[in-house]
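The values are calculated or read from the model by the stated rules, or taken from the named source; none is laboratory data. Not measured: the values here are computed from a predicted model. So basically every Cβ, Gly included, is an ideal-geometry build from the backbone, and we count neighbours across all protein chains shown. Surface accessibility is based on the protein's heavy atoms, side chains included, excluding ligands, DNA and RNA. Shrake-Rupley method; radii C 1.70, N 1.55, O 1.52, S 1.80 Å.
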Amino acid sequence: MGLIVQKFGGSSVANPECIRRVAGRIMDMKRKGHAVVVVVSAMGDTTDDLIRLAHRITNAPSDREMDMLMSTGEQVSGALLTMALHAMGADAVSLTGPQAGIFTDAMHRKAKILGINPKRISRHLRDGHVVIVAGFQGQTPSKDIATLGRGGSDTTAVAIAAALKADRCQIFTDVAGVYSADPRIVKRARKLDEIAYDEMLELASLGAKVLMSRSVEYAKKYGVELEVLSSFSHAPGTLVKEEVKNMEDVVVRGVSADKEETKVTLSGVPDKPGIAARLFGRLAGAGVNVDMIVQNTSAHGLADISFTVPAEDVVKTRQVIRAAGEAVGVKDITLDDDIAKISVVGVGMRGHSGVAFQMFKALAALGINIEMISTSEIKVSVLIKKSLADRAVIALHKAFGLDRRRRSPGRR
Ligand code: ADP
Ligand code: ASP
Ligand code: MG
């Protein structure tokens, strides 16, 4: 008997049948004597639909109103799941993020959780209720509702598990766990039994959206062991946990692709101290997350600077960089969204050389041009044309020996 936090993603609660099935799984846990807190995402593509709806009204909706709108999705699925549990005879109650005591900063659309007051959740649990919490949302210091960024329900679940010191935090999704690459792109990707927090953090922030990267950061900080598993089967999933010694035996654990970045190139930038600080200071001030940066010094005291930003920050980036570029005398600005960032990740890279070389060689064999490179202790990332991303991921997965073996003939 213990306390379990279970999070169900959008596809797991996509329609009334799915919601009833999820309710059934929660009932199984209750019957085993566990106390259960459930975090839900919005049904299916609801969040995307709400964003599209807003853009039919205006191109520039305010972030606060977008949060008012988007946060409704999780309240719908939470209420419906609670009704399904009632229909099965269970005591259950649904709560919004603010009702559940989730406090965030005021950065609408990408708010960070500052703290959780789990008093109300604990009270309902003591009364024997299943507590259903709307994921992806919390309350700002001025008592407004804020959302946590796309995929944010994962973070809600981990934060609640940490605050309640839960025995287990299970993230139910539409694939059987964390794979060596997106199983929808790489048919021979392997399901991993376990993965270190640091590897998962890199993969998640480099495009593997199976977990939101902030949820992994939170899990690592508070030592919450995560289990990622399918809500459509009962197969064991993947454990995301503290690194143990034999994890370094594998050099590359996974390959990821991020197709939602844009490359910005500033040409003819004065090559003088303080210019980069001014340009990137403005971007930071506007809350833009700059990723890869490359500078080439050219003749006549001028340089070219290229960097990448998430696609969702492009409108802001364009505004800020036009103004800042003019002020420092940049000659030309171009934006290119036909790019993808491909990465190989593994804690075993710390003790091995030659990973970058092997990656470049595999891409060269396909005739793929590399536009930018960045590395850390446990990853190598390259920027290439978006149309070549899937081919590159499949080839790298094979080159690093990650492909699942073919089944021998006669075996099914
Ligand atoms: P949910 O709605 O349950 O939060 P998401 O769509 O956010 O689900 O994340 C699950 C998806 O992540 C999978 O359907 C899969 O296509 C994708 N994905 C990308 N990389 C990986 C990976 N390395 N392992 C598993 N899934 C991955
Ligand atoms: N519904 C939100 C989204 O689509 C949050 C989540 O699913 O985690 O991003
Ligand atoms: Mg998700």
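Taking only protein heavy atoms into account and a 1.4 Å probe, give the accessible area per residue of the stretch 204-317 in Å². Value for the stretch 204-317: 49 Å² per residue. Binning all Cα-Cα separations of the chain at 20 Å, short to long from zero, yields these whole-percent fractions: 25, 53, 20, 1.
Find how many whole Å separate the alpha carbon centroid of the stretch 194-256 from the alpha carbon centroid of the stretch 134-183. Cα centroid of the stretch 134-183 versus Cα centroid of the stretch 194-256: 14 Å apart.
For the stretch 89-192, the solvent-accessible area of protein heavy atoms averages 40 Å² per residue (probe radius 1.4 Å; ligands and nucleic acids excluded).
Per-residue ellipticity at 222 nm computed for the chain from its helices equals -10500 deg cm²/dmol, with DSSP H segments shorter than 4 residues left out and the rest contributing -39,500 (n - 2.57).
About its Cα centre, the chain has a charge dipole of approximately 1020 debye under the convention of +1 per Lys or Arg Cβ and -1 per Asp or Glu Cβ, with nothing else charged. Here the stretch 1-151 is assigned +1 on the Cβ of each Lys and Arg and -1 on the Cβ of each Asp and Glu. Its dipole about the Cα centre then comes out at about 440 debye. Within a straight-line Cα-Cα reach of under 28 Å, residue 119 can be paired with the following lysines, leaving aside sequence neighbours fewer than 8 residues apart in one chain: 7, 30, 32, 110, 143, 165, 220, 221, 241.
Which of the lysines could be linked to residue 386 by a straight reach, that is with a Cα gap under 23 Å, when you skip same-chain ones fewer than 8 residues away? Hits, sequence-local ones excluded: 187, 209, 259, 263, 316, 341, 361, 398.
When only alpha carbons are used to place a centre, the stretch 63-129 and the stretch 276-351 end up 37 Å from one another. Largest mean-square fluctuation among 119, 245, 191, in a Gaussian network model of the chain whose springs join Cα atoms under 10 Å apart, belongs to 245. Each 10 Å bin from zero up to the one holding the largest Cα-Cα distance in the stretch 54-147 carries the following percent of pairs: 18, 41, 29, 11, 2. The apolar share of the surface of the chain, taken as the fraction of accessible area on carbon and sulfur atoms (1.4 Å probe, ligands and nucleic acids excluded), comes to 51 percent.
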